[in-house]
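Quick notes on the structure that follows.
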There are 2 protein chains.
Amino acid sequence: MARWEPGAAGRLRKAAVELFAEQGMEETTVADIAARAGVTERTFFRHFADKREVLFSPQDDFAAVFIEPMRQAPAGATPLQVVRAGLQGSTSFFPTERRPGSRVRAGVIAAHPALRERELLKMDDLAERMAATLRDRGVGEPAATLAARSGTAVFSAAFGAWLADGETRELAELLDEGLAELSALR
Amino acid sequence: MARWEPGAAGRLRKAAVELFAEQGMEETTVADIAARAGVTERTFFRHFADKREVLFSPQDDFAAVFIEPMRQAPAGATPLQVVRAGLQGSTSFFPTERRPGSRVRAGVIAAHPALRERELLKMDDLAERMAATLRDRGVGEPAATLAARSGTAVFSAAFGAWLADGETRELAELLDEGLAELSALR
């Protein structure tokens, strides 16, 4: 299962987030990022297509932490139970030690419309993959799409809360709170 | 309440969708669109900032058809009942006569990633406005955000179904089917 990678890619991500927060994305070059991470520009481009992509995990890795647990959920699970398995799977991607860096990253994304668009596209792609996984399990439409999109809404709200100043609860707890609130809406 | 406008802006929208579908967005100029609509380029730019924007209604007009009925919902309404009022309000924006043009528009957007990003941003903005409207009514968080985002998920699924080849049911019926499916997920 994918996690925050400790090698060159992880150092490049950390360096980029720091530099974007310090001096803005436009003012930061790939050379700056590589220098702070202690690697060559060539190494940067072995891992990332451009300086924006460095803020985003490879989409297949990110989606897999949701999709694999959904595939492995028991056969009799309801659509929302399957979605819950996916959301809980995502917590492996966001351990406590990743929270400070994720807070800085969120601030950079909020300040740049082009990054916000990319983040929205990636969440939309995740919702589509989750809906497809539910359909593979025999869930019909529109139930599969609604369950998947309710799930990504819970994820986004819980992730935003996890990043809020002063919040100390773990993501897993915030996700379960969100799922309970979703059920209580009825 | 805003509707598909019949004047110059409406003719420009119709002309643009036709031309984008016939020859692609890149190959179509503002001059082409203005000529087909029977107006000057100057008139085009009085209504739209660029040729992409012609595919999107002004966001305040689009959002208002959801937000106003939410504000006017009875004081005792549950968050989902308020969201339902907003979704049903949106049907005034999509009368039957608008369906053929909306189908062509959806095909153009699907073919252009930059347009898909703009559409996602506009739906994300709508979800934020709906959540803010619920908070104004005293709904707490994360309930307000989850109700709003479940609502936009229902809208997107119903709107996609409304545009599907051969679908003859009205949007209002598809929205209520989606809301029922959402409740049945629990």
(request) Could you list all residues from segment A:86-128 that are under 13 Å from A:Leu55 (Cβ atoms) and of a type in the set (S, T, N, Q)? (result) A:Ser102
(message) If I ask for residues that are within 14 Å of chain B (Cβ to nearest Cβ) and either on the phi > 0 side of the Ramachandran plot or over 20 Å from the mean Cα position of the chain (by Cα) (or both), which ones from segment A:55-80 would you list?
(response) A:Ala77, A:Thr78, A:Pro79
(message) Against the condition farther than 15 Å from A:Glu53 by Cα, at the interface with chain B (Cβ under 10 Å from one of its Cβ atoms) and in a helix (DSSP H, G or I), how does A:Ala131 come out, does it pass?
(response) yes
(message) Need the failing condition index for A:Arg84 against (1) part of a helix (DSSP H, G or I); (2) within 14 Å of chain B (Cβ to nearest Cβ); (3) open to solvent by less than 60 Å² (accessible area, probe 1.4 Å), just the number.
(response) (3)
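Does B:Glu181 satisfy the criteria of being over 27 Å from A:Val139 (Cβ atoms) and among the charged types (D, E, K, R)?
Values: over 27 Å from A:Val139 (Cβ atoms): no; among the charged types (D, E, K, R): yes.
Here the answer is no, as B:Glu181 does not meet what is asked.
Being free of Cβ contacts under 8 Å to residues at least 40 places away in the same chain and either in a helix (DSSP H, G or I) or of a type outside the set (D, E, K, R) (or both) is true for just one of B:Arg105, B:Arg46, B:Arg99. Which residue is that? Quick ask: steps written out before the conclusion?
Numbers: B:Arg105 fails: free of Cβ contacts under 8 Å to residues at least 40 places away in the same chain; B:Arg99 fails: free of Cβ contacts under 8 Å to residues at least 40 places away in the same chain.
B:Arg46 is the lone residue from the list that is free of Cβ contacts under 8 Å to residues at least 40 places away in the same chain and either in a helix (DSSP H, G or I) or of a type outside the set (D, E, K, R) (or both).
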(request) Go through segment B:113-128 and give me each residue that's crowded, with 18+ Cβ neighbours inside 10 Å and either of a type in the set (Phe, Trp, Tyr) or more than 9 Å from chain A (Cβ to nearest Cβ) (or both). (result) B:Leu115, B:Glu119, B:Leu126
(request) Please specify each residue of segment B:137-152 satisfying the condition of being in contact (Cβ under 8 Å) with a residue 12 or more places away in the chain and either under 20 Å from the mean Cα position of the chain (by Cα) or away from every other protein chain (no Cβ under 12 Å) (or both). (result) B:Arg137, B:Thr145, B:Ala147, B:Ala148, B:Arg149, B:Ser150, B:Gly151, B:Thr152
(request) Return the residue satisfying two criteria in turn: it lies in segment A:153-186 and is facing another protein chain (nearest Cβ under 10 Å) and among the hydroxyl-bearing types (Ser, Thr, Tyr), and of such residues it is nearest to A:Asp61 (Cα to Cα). (result) A:Ser156
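Scan segment B:28-37 residue by residue and report those that are within 11 Å of B:Lys51 (Cβ to Cβ) and either open to solvent by 10 Å² or more (accessible area, probe 1.4 Å) or assigned to a helix (DSSP H, G or I) (or both).
Residues of segment B:28-37 that are within 11 Å of B:Lys51 (Cβ to Cβ), as a first pass: B:28-34.
Selection gives B:Thr29, B:Val30, B:Ala31, B:Asp32, B:Ile33, B:Ala34.
Looking at the structure I just gave you, is B:Arg186 open to solvent by 40 Å² or more (accessible area, probe 1.4 Å), of a type in the set (Lys, Arg) and either within 23 Å of A:Glu181 (Cβ to Cβ) or not assigned by TED's automatic domain parsing to the domain that holds B:Leu87 (or both)?
Details: open to solvent by 40 Å² or more (accessible area, probe 1.4 Å): yes; of a type in the set (Lys, Arg): yes; either within 23 Å of A:Glu181 (Cβ to Cβ) or not assigned by TED's automatic domain parsing to the domain that holds B:Leu87 (or both): yes.
Yes.
The values are calculated or read from the model by the stated rules, or taken from the named source; none is laboratory data. None of these values were measured; they are calculated from a predicted model. Cβ atoms come from the backbone with ideal geometry, glycine included; neighbour counts cover every protein chain shown. Heads up: the accessible areas ignore ligands, DNA and RNA and are worked out on the full protein's heavy atoms, side chains in. Shrake-Rupley method; radii C 1.70, N 1.55, O 1.52, S 1.80 Å.
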